[in-house]
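The values are calculated or read from the model by the stated rules, or taken from the named source; none is laboratory data. Because the structure is predicted, anything quoted here is derived from the model rather than measured. All Cβ positions, glycine included, derive from the backbone under ideal geometry; neighbour counts span all protein chains shown. In case anyone asks, the SASA skips ligands and DNA or RNA and just uses the protein heavy atoms, side chains included. Shrake-Rupley method; radii C 1.70, N 1.55, O 1.52, S 1.80 Å.
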Amino acid sequence: QVQLVESGGGLVQAGGSLRLSCAASGSIFSFNYMGWYRQAPGKQRELVARITSGGNTNYADSVKGRFTISRDNAKNTVYLQMNRLKPEDTAVYYCNAVNNRIYWGQGTQVTVSS
């Protein structure tokens, strides 16, 4: 059973930066893609960024130019570097991994104060 463990969330002022990490219990080579989603109170979970096994990336329009997703295969870890954070980025951020099944982490809270 694959486990995904997120870390790096916290409270930051608007304009600041955070880096989220998602550590997988096994090799991430088996995943077709991995990504970050977020869910704000009262809203649906939405895709923030995704990276394929080949390293291709895509981003939500709201975070393009501010967030960067990357992966370290040797560490079985995916990162989300978040810069120029805005209050509307406040949400619980979830790591996601997909092969023939879908896996989710437990989530990490990101709060951006104005």
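Some values worked out for this structure:
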item	result
Percent carbon-and-sulfur accessible area, segment 23-86, ignoring ligands, DNA and RNA, probe 1.4 Å	45 percent
Net charge dipole size for segment 1-112 [Lys, Arg +1 and Asp, Glu -1 on Cβ; Debye, nearest 20]	80 debye
GNM top mover of G42, G54, G26 - the chain, alpha-carbon springs below 10 Å	G42
Accessible-area value, K64, 1.4 Å probe, nucleic acids and ligands omitted, Å²	120 Å²
Of L20, L80, L11, the one that fluctuates the most in a GNM where the chain has Cα springs shorter than 10 Å	L11
Spatially proximal lysines relative to K43 (Cα-Cα < 18 Å; intrachain offsets below 8 disregarded)	K86
Table column - 3J(HN,Hα) (Hz), segment 4-11, Karplus curve with 6.51, -1.76, 1.60, x for Gly and Pro	10, 10, 8, 7, x, x, x, 9
Sites T68 and L11 - FRET efficiency at Förster radius 22 Å, r taken between beta-carbons, to 0.05	0.55
Å² of accessible area per residue within the chain, as computed with a 1.4 Å probe and no ligands counted	52 Å²
Neighbourhood net charge (15 Å Cβ-Cβ; Lys/Arg +1, Asp/Glu -1) for S17	+3
Computed E for Q81/F29 - FRET, C-beta separation, R0 25 angstrom, nearest 0.05	0.70
